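The next block holds one structure in the form of structure tokens; read it before the comments.
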Amino acid sequence: MKRDVETIISEYPGTNRDSLIPILQEIQNEEGFISENSVVKVGEYLNIPASNIFGVATFYNQFRFRPLGKYHIQVCRGTACHVLGSKTVLEEIEKKLKIKSGQTTSDGKFSIEVVACIGACGLAPVISINGEFHAKVTTKAINDIIDSYKNLED
Ligand code: FES
């Protein structure tokens with residue numbers, strides 16, 4: 001069963017600021033992202049202003065403040081994919097969607113995440129969209145791949 005923010009916080013007795021990162025990690029694991037409401041609750045508990053929490057959490061780019069997009073794009077940055085150009089693939093996706101890795105488009109349709117090797121090195125560079133692999137992607141192919149998901153909406 002999903003644990004709510006209060007339950008997670010209660011598992012960290014005392015108001016130790018060192019608990020901030022593990023608490024945020026657990027909230028993200030449960031909720032998929034960290035809502036403003038969660039930040040406020042954690043801030044009240046640890047006696048840290050919400051703005052400081054956002055600052056700290058933004059520093060660690062593992063945290064997200066919006067839910068994942070309907071289409072979640074994972075870009076592999078493992079060695080094989082890196083060597084074959086995953087960085088430029090990522091840059092192209094970011095340019096196309098006008099968001100950065102770790103963000104979700106304002107219409108909630110797409111989100112991007114950079115991940116470690118997803119076990120398909122023979123297909124490098126590879127991206128996965130909602131678990132569907134796209135092999136040997138090129139910057140040129142990105143446009144069509146993303147449009148194909150956009151078109152599912154029309
Ligand atoms: S390095 Fe990308 S799938 Fe293994």
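The values are calculated or read from the model by the stated rules, or taken from the named source; none is laboratory data. For clarity, every value in this text was computed on a predicted model and none was experimentally measured. Note that we place each Cβ from the backbone using ideal geometry, even for glycine, and neighbour counts take in every protein chain shown. These area figures cover heavy atoms from the full protein model, side chains too; ligands, DNA and RNA do not enter into them. Shrake-Rupley method; radii C 1.70, N 1.55, O 1.52, S 1.80 Å.
When we screen 65, 54 for residues that are outside any helix (DSSP H, G or I) and open to solvent by less than 70 Å² (accessible area, probe 1.4 Å), the only hit is 65. The one condition from (1) open to solvent by 60 Å² or more (accessible area, probe 1.4 Å); (2) farther than 30 Å from residue 9 by Cα; (3) of a type outside the set (Ser, Thr, Tyr) that residue 78 does not meet is (1). Taking into account only those residues within segment 137-154 that are under 20 Å from residue 78 (Cβ atoms) and touching a residue at least 40 places away in the same chain (Cβ under 8 Å), which is surrounded by the fewest Cβ atoms within 10 Å (Cβ to Cβ)? Top of the filtered list is 138. The single condition among (1) touching a Leu at 6+ places or on another chain (Cβ under 7 Å); (2) surrounded by 19 or more Cβ atoms within 10 Å (Cβ to Cβ) that residue 38 does not satisfy is (1). Candidates in segment 81-108 are the residues that are charged (D, E, K, R) and open to solvent by 60 Å² or more (accessible area, probe 1.4 Å); of these, the one that is farthest from residue 143 (Cα to Cα) is 107.
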